[in-house]
Amino acid sequence: MLTPLLLILAQAAPAPAPADPATAQRVEKLLSASPVIDGHNDLPWEIRKNHDAKVEALDLTKDTSKLPIPLQTDIPRLRKGHVGAQFWSVWITADNLGPRAVEMTLEEIDIVKRFVAANPGAFEMAGSAADIRRIEKSGKIASLMGVEGGHQIDGRLSVLRRYYDLGVRYMTLTHTSSLPWADASTDEPRSGGLSPFGKQVVAEMNRIGMIVDISHVSDATMAAVLSVTKAPVMASHSSARALDNAPRNIPDDLLAKIGANGGVVMVNFYPSFVSQAWRDWDKARTDYAKSVGASAEVYGPNAAAPVLAWEASHPEPVVTSATIADHVEHIALVAGHAHIGLGSDYDGINGTAPRDMTGVDGYPALFAELARRGWSDADLAGLARGNILRVMEKVEAVAKSMAGMPPVDATDRP
């Protein structure tokens with residue numbers, strides 16, 4: 001429950017003023033030269049869930065915020081937001097296990113490849129840092145994929161390798177549930193960090209050139225990964241626990257270790273993971289909804305009447321680009337400016353996105369806020385794309401150095 005003071009501050013927090021013309025011009029120039037590479041977007045699952053996976057029936061060339069079930073992503077807004085490359089999440093829920101998990105992941109990969117193919121003037125698949133640079137120069141948005149959960153390989157390194165062949169360039173080791181070989185931040189531990197098989201997964205990802213993603217994993221798993229990986233890691237959509245005590249956010253000691261590893265933390269925009277006030281409000285809202293037998297899963301005007309009545313007397317805390325900027329600055333302070341990026345979680349945000357960053361056109365608002373705070377063009381360019389490109393190139397170099405090593409036995413299981 002929000003304390004009275006916290007509630008007053010949250011309600012009173014104004015949205016940042018629009019950027020002054022000079023700042024807006026500076027940001028426009030900077031992002032035109034250094035387009036954003038975003039680490040995490042859940043559009044594929046939204047297409048599957050709310051559009052019956054009918055990619056060809058969804059027109060991404062139009063404003064999808066006006067759809068009956070709105071989306072936070074479309075091509076006009078990606079252009080307006082100066083997105084040059086996007087890692088699309090090929091996520092499935094953590095309760096889908098075994099061969100079905102592999103099958104569903106392949107279906108998600110197919111969704112990405114279909115919407116890329118359906119919009120050849122806007123998108124092109126990419127598999128390397130060089131591909132991103134080449135595709136951006138052509139005026140298109142480079143499209144990459146990340147598997148969001150180790151349960152999606154069904155304990156088989158052969159599946160991991162085939163995902164790489166299909167274009168997957170990172171895997172999040174866990175989602176919300178712990179695995180026999182890696183622990184999640186929001187579940188009871190099963191392996192105490194990484195099991196011997198979990199260490200083999202990391203080694204094989206290093207060998208083939210797939211980035212190890214440590215979002216969602218437990219602190220013990222994160223520490224174990226950092227102790228065994230030969231390549232830099234990424235946290236594809238994580239924020240700072242010092243500012244929001246969410247279990248899946250990263251504490252300062254591990255932020256520092258990610259910096260020492262050469263990795264990158266890509267800040268999440270989801271209000272629950274960037275605002276403690278919003279997180280507390282949402283818990284109180286959920287508790288109330290349960291107490292009256294209503295769903296807490298629906299936000300906005302379509303929420304149940306009792307929930308809307310509760311919201312009327314418990315206003316939602318305001319989350320803005322300034323909130324996101326606080327996390328960016330904290331992580332940059334602890335891990336270093338060279339180890340920070342952006343992983344919005346757009347179309348995976350349940351509830352309201354930051355007030356002045358409601359969709360993929362919102363990135364300039366964040367850059368304007370950081371510019372007002374004194375960030376240099378070099379640091380802003382690193383945040384936008386330079387830092388994740390460096391990680392990709394190093395991961396690719398490590399894989400090249402390991403090219404003579406044989407694959408781990410495909411029959412080896414956790």
FRET E, pair Lys400, Leu106, Förster distance 30 Å, beta-carbon r, rounded to 0.05: 0.65
Given Cβ charges of +1 for Lys and Arg and -1 for Asp and Glu, the option among Val307, Ala294, Ser238 whose Cα lies farthest towards the positive end of the dipole of segment 198-307 is Ser238
Accessible area per residue for segment 176-228 in Å², computed with a 1.4 Å probe and the full protein assembly in place, what is it? 31
Applied in sequence order to segment 373-381, the curve 6.51 cos²θ - 1.76 cosθ + 1.60 (Karplus, θ = phi - 60°) yields integer Hz couplings, x standing for Gly and Pro, of 7, x, 5, 6, 4, 5, 5, 5, 5
Per-residue [θ]222 nm for the chain (sum of -39500 (n - 2.57) over DSSP H runs n ≥ 4, rounded to 500): -13000 deg cm²/dmol
Can you give me the long-range amide H partners of Ile211? Hydrogens built in the peptide plane at 1.01 Å from N, cutoff under 5 Å, separation of 5 or more residues or another chain. Tyr170, Met171
Give the calculated FRET efficiency between Arg372 and Glu56 to the nearest 0.05, with a Förster radius of 41 Å applied to their Cβ-Cβ distance. 0.45
Just to be sure I understand: with springs between alpha-carbon atoms less than 10 Å apart, which residue in Asn387, Asn206, Asn302 has the highest mean-square fluctuation in the Gaussian network model of the chain? Asn302
Taking r as the C-beta separation of Ser158 and Ser138 and R0 as 41 Å, the FRET efficiency to the nearest 0.05 is 0.75
When the chain is fully extended, how far beyond the present Cα-Cα distance does Asn96 get from Ala220, taking 0.36 nm per residue of separation? 42.2 nm
In the chain, what percent of the accessible surface is made up of carbon and sulfur (1.4 Å probe, ligands and nucleic acids excluded)? 56
Estimated inter-spin distance, Asp252 and Leu67, nm [label 7 Å along Cα→Cβ]: 4.2
As a percent rounded to 5, the proportion of antiparallel DSSP bridges among beta bridges in the chain is 5
Quick calc: nm separation of the 7 Å Cα→Cβ label points for Ala284 and Thr23 -> 3.0
Mind checking the full-extension length gain between Ala312 and Ala33? Use 0.36 nm per residue of separation minus the Cα-Cα distance, one decimal, nm. 96.0 nm
Relative contact order in percent for the chain (Cα pairs under 8 Å, 6+ apart) equals 21
Using the per-residue mean of other Cβ atoms lying within 10 Å as a proxy for protection, in what order, highest first, do the peptides 228-234, 48-54 fall? 228-234, 48-54
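The values are calculated or read from the model by the stated rules, or taken from the named source; none is laboratory data. Nothing here was measured: the structure is a model prediction, and the numbers come from that model. Cβ atoms come from the backbone with ideal geometry, glycine included; neighbour counts cover every protein chain shown. The protein model used for the area step is the full one, side chains on, heavy atoms only, and it has no ligands, DNA or RNA in it. Shrake-Rupley method; radii C 1.70, N 1.55, O 1.52, S 1.80 Å.
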